[in-house]
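The values are calculated or read from the model by the stated rules, or taken from the named source; none is laboratory data. All of these numbers come straight from a predicted model, not from anything done at the bench. Cβ: placed from backbone, ideal geometry, glycine included. Neighbour counts: every protein chain shown.
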Amino acid sequence: MAAIYSLYIINKSGGLIFYKDYGSAGRMDTNDSLRLASLWHSMHAISQQLSPVPSCSGIELLQADTFDLHCFQSLTGTKFFVVCEPGTLHTEALLKHVYELYTDFVLKNPFYEMEMPIRCELFDISLALAVQKDRVALLGR
Amino acid sequence: MPPVAPRSGDAIFASVERVNAELFTLTYGAIVRQLLTDLEEVEEVNKQLDQMGYNIGIRLIDEFLAKSNVSRCVDFKETAEVIAKVGFKMFLGVTATVTNWDAEGTTCSLVLEDNPLVDFVELPDTCQGLYYCNVLSGVIRGALEMVSSYLNGRLGLSVDNLVSMKTEVTWIRDMLRGDDAFEMQVKLVKQVPEEYPYKDDE
């Protein structure tokens with residue numbers, strides 16, 4: 001069964017505003033997750049410039065031996081990415097769904113400040129539901 | 001995975017959660033009344049409504065993008081059409097028409113024949129300078145500032161040409177002032193290059 005290892009949200013300036021890991025594989029401490037987030041932000045930017053494809057919107061998938069990294073960037077510049085077991089399916093749908101949850105439970109919370117770290121319990125709860133393995137499979141249908 | 005097709009304003013409107021229209025209209029009315037009491041000056045109320053709209057717009061844009069699946073617009077004309085046909089429909093339940101384009105394609109008017117915000121409103125003589133729906137212009141200004149478009153008139157849809165849209169939104173016609181429709185003029189004042197304007201070879 002394919003598993004999601006961790007989920008990141010980075011704001012348009014490259015700051016990590018949300019990090020969550022699921023299970024033991026690939027667990028990182030705070031410093032490492034911050035480093036990965038800003039590294040990914042820069043790599044994503046560079047990939048847009050280097051791409052031979054016109055109007056390229058940046059890396060969407062990084063495949064490694066031990067993990068896949070799927071990235072989705074909204075038109076407002078916020079990036080959502082998951083690190084998961086190689087070959088995990090339906091991650092595009094999952095990221096899209098996480099974006100919707102973010103607009104519903106984070107941006108609509110009047111006490112959330114834009115571009116700041118996300119601390120919203122409702123978001124955490126609905127996210128936990130979405131990331132459950134069987135739910136991810138449902139999203140693909 | 002192929003990109004998901006953009007959804008029509010009607011389809012989104014049918015699927016999102018809605019509130020009672022009167023609750024919405026009366027809540028907005030109460031806010032405007034309270035602002036008038038607190039700020040006293042009509043001009044200040046206009047400014048405050050615009051600022052509130054801006055604060056809403058910068059958040060609302062993400063919900064719009066997440067639920068409508070629209071992709072990046074190729075020019076300001078397409079942007080205006082999307083706001084009028086999908087944006088207004090999704091959040092207000094009405095559609096606007098886009099008219100009065102200037103020659104450069106940077107200024108246009110959004111005309112609302114029907115506006116749920118003003119269902120029961122009659123402006124008293126003391127509030128003649130009030131733009132009752134100024135929150136709407138603020139929303140549009142805020143929302144557009146958060147997204148980037150391709151620089152108008154430039155060939156090649158390259159990321160180098162991506163700019164964020166600064167707009168000015170002003171009311172031209174207002175039914176509360178005796179006009180036959182609501183018309184707001186949206187003017188693209190500045191396109192600010194965003195993200196990575198730094199180049200080594202410059």
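The residue pairs whose first member lies in the stretch A:67-88 and is at positive phi, whose second member is of a type in the set (A, V, I, L, M, F, W, C), and whose beta carbons are closer than 6 Å, counting only pairs six or more residues apart or on different chains, do not exist in this structure. Give the stretch A:105-118 a look and list any residue that's within 7 Å of chain B (Cβ to nearest Cβ) and surrounded by 18 or more Cβ atoms within 10 Å (Cβ to Cβ), or say none. Within the stretch A:105-118, A:L107 is the sole residue that qualifies. All of B:D62, B:D114, B:D119 fail the test of being of a type in the set (D, E) and surrounded by 20 or more Cβ atoms within 10 Å (Cβ to Cβ), apart from B:D62.
List the number of the failed condition for B:S148; all other conditions in (1) of a type in the set (G, A, S); (2) closer than 27 Å to B:R33 by Cβ; (3) in contact (Cβ under 8 Å) with a residue 60 or more places away in the chain hold. For B:S148, the failing item is (2). Cβ-Cβ distances below 6 Å connect no pair with a first residue in the stretch A:116-128 that is aromatic (F, W, Y), a second residue that is not in a helix (DSSP H, G or I), and a separation of six or more residues or different chains. In the stretch B:90-105 there is at least one residue matching the filter, namely being within 14 Å of chain A (Cβ to nearest Cβ) and either assigned to a helix (DSSP H, G or I) or not acidic (D, E) (or both). Within the stretch A:76-98, does at least one residue satisfy the condition of being at the interface with another protein chain (Cβ under 10 Å from one of its Cβ atoms), among the hydrophobic types (A, V, I, L, M, F, W, C) and within 13 Å of the chain's Cα centre (by Cα)? Scanning the stretch A:76-98 turns up at least one residue that is at the interface with another protein chain (Cβ under 10 Å from one of its Cβ atoms), among the hydrophobic types (A, V, I, L, M, F, W, C) and within 13 Å of the chain's Cα centre (by Cα).
If only residues of the stretch B:130-158 that are at pLDDT below 90 and more than 14 Å from every other protein chain (Cβ to nearest Cβ) are counted, the one that is farthest from B:F24 (Cα to Cα) is B:G153. For B:D119, indicate whether it is closer than 21 Å to B:I12 by Cβ, of a type outside the set (V, I, T) and more than 13 Å from the chain's Cα centre (by Cα). So B:D119 fails the test.
In the set A:L36, A:L101, only one residue is part of a helix (DSSP H, G or I), out of contact with any Lys or Arg (no Cβ under 6 Å at 6 or more places or on another chain), crowded, with 18+ Cβ neighbours inside 10 Å and within 14 Å of chain B (Cβ to nearest Cβ); that residue is A:L101.
What are the residues in the stretch A:49-75 that are polar (S, T, N, Q), within 30 Å of B:G142 (Cβ to Cβ) and more than 10 Å from every other protein chain (Cβ to nearest Cβ), if any? Correct list: A:Q73 only.
Checking the stretch B:54-70 against the condition returns no match, with no residue being away from chain A (no Cβ under 14 Å) and either more than 14 Å from the chain's Cα centre (by Cα) or not in a loop (DSSP other than H, G, I, E, B) (or both).
Residue-by-condition table, conditions (1) buried (at least 16 other Cβ atoms within 10 Å of the Cβ); (2) away from chain A (no Cβ under 14 Å); (3) free of Cβ contacts under 8 Å to residues at least 12 places away in the same chain:
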site: B:E17; (1), (2), (3): no, no, yes
site: B:L39; (1), (2), (3): no, yes, yes
site: B:N46; (1), (2), (3): yes, yes, no
site: B:V82; (1), (2), (3): yes, no, no
site: B:V86; (1), (2), (3): yes, no, no
